[in-house]
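**Student:** Right, I'll just put the structure down here and ask away after.
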Amino acid sequence: MNDARCRTLITVDELARLLDSRATVVMLDVIDEQGGAPDDRPKIPGALSVNLATDFSGKPTPAAGRRPLPDVSDLQAKARSWGIRSDSVVVVYDNSGGAQASRAWWTLRWEGLADVRVLDGGYGAWIETGRPSSNLVATHAAIAGDVVLTSGCMPTISAEEAAALAAQSRLLDARPRAAYLGDPAKPGTGHIPGAIHAAAGDNIANGKFKPNDELRARFSSLGADGSKKIGVYCGSGNAAAHAVAAMCAVGLETALFVGSWSAWSADPSRPVATGPEPG
């Protein structure tokens with residue numbers, strides 16, 4: 001793999017080698033909502049159970065959306081309880097397509113943690129290789145970490161900046177096609193005018209991120225080749241973070257509209273486009 005992909009993703013084999021070498025690895029098994037999946041669901045042995053809603057998000061508001069950024073001090077306290085140190089390799093994964101893990105990856109990177117990687121293929125890829133699993137539930141490490149987090153280390157855009165990118169550069173909508181199309185008879189559905197549909201699910205094949213040459217070709221066809229500033233959004237920031245991870249893997253910098261559609265659609269004064277065209 002090239003350097004950009006290695007800094008973003010980690011394969012099952014590479015994770016196994018790190019664990020065998022007794023490197024300082026912190027594994028986080030990511031669930032979207034607390035109670036959204038059984039706490040004792042099978043996981044990679046040694047992984048800690050974390051939730052996007054309670055561990056990686058602030059309080060939802062109409063203006064900030066369903067998944068606003070967490071307070072830095074709150075996430076730092078969580079990260080330390082997970083045993084994260086400044087030299088830790090943090091591996092995040094889920095068992096539902098990678099969007100949840102990608103949002104956790106993005107948030108930790110946004111708060112200044114340098115070595116965070118998404119397990120390519122998630123729990124399913126781990127099990128496919130015949131490796132063991134565990135039902136043990138753990139939410140804290142035996143030894144606390146000492147990591148110091150900051151904020152603003154990944155690019156973000158506001159609703160106003162998203163509208164400007166849609167009009168002047170490239171704004172990608174990472175939701176499934178039905179959400180992008182919307183329904184003219186249902187207020188609050190559709191997409192940001194000018195946004196280009198680019199479902200995050202099209203960046204994966206057989207549960208894993210597509211090879212870099214395929215990803216580059218796809219992003220280039222969408223006009224997201226790095227020659228213009230790129231922004232991305234989805235419903236509440238998870239699928240968009242997955243798209244950011246895919247673009248980071250090929251060396252493209254992309255800004256995340258954190259509030260995404262949940263924030264955009266909460267303001268009735270903002271325009272909405274429906275149908276297959278950007279609008």
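**Student:** Return one whole number: the accessible area per residue of the chain in Å², for a 1.4 Å probe.
**Tutor:** 43
**Student:** In addition: Which peptide among 89-97, 64-72, 232-240 comes first, and what is the full order, when sorted by highest mean count of other Cβ atoms within 10 Å?
**Tutor:** 232-240, 89-97, 64-72
**Student:** For F219, what accessible surface area do you get with a 1.4 Å probe? Give it in Å², rounded to 10.
**Tutor:** That residue has around 0 Å² of solvent-accessible surface.
**Student:** Roughly how large, in nm² to one decimal, is the mean projection of the convex hull of the alpha-carbon atoms in the chain?
**Tutor:** That works out to 14.0 nm².
**Student:** Could you sort H191, H197 by accessible area so the largest value comes first, with the probe set to 1.4 Å?
**Tutor:** Largest to smallest exposure gives the sequence H197, H191.
**Student:** Are there trypsin sites (Lys or Arg not before Pro) in the range 206-279 that DSSP puts in a loop and that have at most 15 other Cβ atoms within 10 Å, and which ones?
**Tutor:** Listed in order of number, the matching sites are K228.
**Student:** Turning to a different aspect of this structure: Let me know the charge dipole size of the chain about its Cα centre in debye, to the nearest 20, where only the beta-carbon of Lys, Arg (+1) and Asp, Glu (-1) is charged.
**Tutor:** 180
**Student:** Between the range 197-215 and the range 149-179, what is the separation of their alpha carbon centroids in Å?
**Tutor:** If you average the Cα positions of each part, the centres end up 19 Å apart.
**Student:** Return the whole-Å distance between the Cα centroid of the range 15-46 and the Cα centroid of the range 238-264.
**Tutor:** That distance is 23 Å.
**Student:** Starting from the Cα of C6, step 7 Å along the direction of its Cβ; do the same at A138; then give the gap between the two resulting points in nm.
**Tutor:** Each label point is offset 7 Å from its Cα along the Cβ direction, giving 2.8 nm.
**Student:** What is the projected area of the convex hull of the Cα atoms of the range 179-279, averaged over all directions, in nm²?
**Tutor:** With the hull built on Cα positions only, its mean projection is 6.5 nm².
**Student:** Still on this model: Accessible area of the chain with a 1.4 Å probe: how many percent of it is carbon plus sulfur?
**Tutor:** Ligands and nucleic acids excluded, carbon and sulfur give 51 percent.
**Student:** How large is the helix-only mean residue ellipticity at 222 nm for the chain, computed as the sum of -39500 (n - 2.57) over DSSP H runs with n ≥ 4, divided by its residue count, in deg cm²/dmol to the nearest 500?
**Tutor:** The helix-only estimate for the chain comes to -8500 deg cm²/dmol at 222 nm.
**Student:** Hey, with R₀ at 41 Å, roughly what FRET efficiency would E277 and N206 work out to, going by the Cβ-Cβ distance, to 0.05?
**Tutor:** It comes out at approximately 0.85.
**Student:** With all protein chains present, calculate the accessible area of W82 using a 1.4 Å probe and round the result to the nearest 10 Å².
**Tutor:** Looks like 10 Å² after rounding.
**Student:** Please report the projected area of the range 120-169's Cα convex hull averaged over all directions, in nm².
**Tutor:** Hull-based average projected area comes out at 7.6 nm².
The values are calculated or read from the model by the stated rules, or taken from the named source; none is laboratory data. Note that the structure is a prediction, hence the values are computed from the model and not measured. Glycine also receives a Cβ, built like all others from the backbone with ideal geometry; neighbour counts cover every protein chain displayed. All accessible areas refer to the heavy atoms of the entire protein, side chains included, with ligands and DNA or RNA removed. Shrake-Rupley method; radii C 1.70, N 1.55, O 1.52, S 1.80 Å.
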